[in-house]
Amino acid sequence: MARHGIAESVIRDNGPHYSSEQRPRKKTVQTAKRILYTAKAKNKDPYLSLLEYRNTPVGNLKSPAQLLMSRRLRSILPATAKQLQSQVTCQQTVRERREVCQHRQQAYYNRSARPLPHLPVGAPIRFWQEDGSWKPAMVTRPADTDRSYRIKTREGQTCRRNR
């Protein structure tokens, strides 16, 4: 906007506001904020809280510190000298375990996921406006991609919406 000036209208690609690739990053930031907030509320050292988080194993994988540095980090929790020694982790093994977890999650999700029935032309629908309200409209035709339709509002405006 600053380089090319202010646009009169902006046309979206009708995709989601945030891609699904950003969800893990946003969740990580949310977790870090919660750790820092809790440490501040309890008058604890936030760095120790983050250290313990990094030292905590995730699921059936190793902790982030073990994946990054191949060893556990020394913290206020007691640990033997053997536990603090380096243990090289095969990245292929970590990748395979992560893929197994992802396939298991996918199988659980797909157990109940079903495709939506197609909407006929002329079907009355409601669509979400960016002002936070639902507006009535009618399906005029299917769009180019699956689950996407061209709709016409009561004001006569036509737009594309995903189901």
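Sort CYS90, CYS101 by Cβ crowding within 10 Å, fewest neighbours at the top. Intermediate results must be reported in sequence, preceding the final value.
Working: CYS90 8, CYS101 14.
Least crowded to most crowded, the residues run CYS90, CYS101.
Roughly what angle does helix 46-55 make with the longest principal axis of the chain, taking Cα atoms, 0 to 90 degrees, to the nearest 10?
90
Equivalent-ellipsoid semi-axes (√(5λ), Cα gyration tensor) for the chain, whole Å, largest first? Display every interim value, and only then the final one.
On the way: eigenvalues 459, 104, 46 Å².
Largest first, the chain gives 48, 23, 15 Å.
Summing +1 for each Lys or Arg and -1 for each Asp or Glu, what net charge is found among the other residues whose Cβ lies under 14 Å from the Cβ of GLN87? Display every interim value, and only then the final one.
Numbers: positive: LYS62, ARG71, ARG72, LYS82; negative: none.
Summing Lys/Arg as +1 and Asp/Glu as -1 gives +4.
DSSP loop GluC sites (Glu not before Pro) in region 53-130 with at most 14 other Cβ atoms within 10 Å of their Cβ, which ones?
On the way: sites: GLU96, GLU99, GLU130; in loops: GLU130.
Qualifying residues, ordered by number: GLU130.
Which FRET efficiency, nearest 0.05, do TYR53 and ARG154 yield, Cβ-Cβ r, R0 35 Å?
For TYR53 and ARG154, the calculated efficiency is 0.10.
Throughout, read-outs are computed from the coordinates displayed, never taken from laboratory work. Every value quoted in this text rests on a predicted model; they were computed, and no experiment measured them. Please note: Cβ atoms are built from the backbone with ideal geometry, for glycine as well, and neighbour counts cover all protein chains shown.
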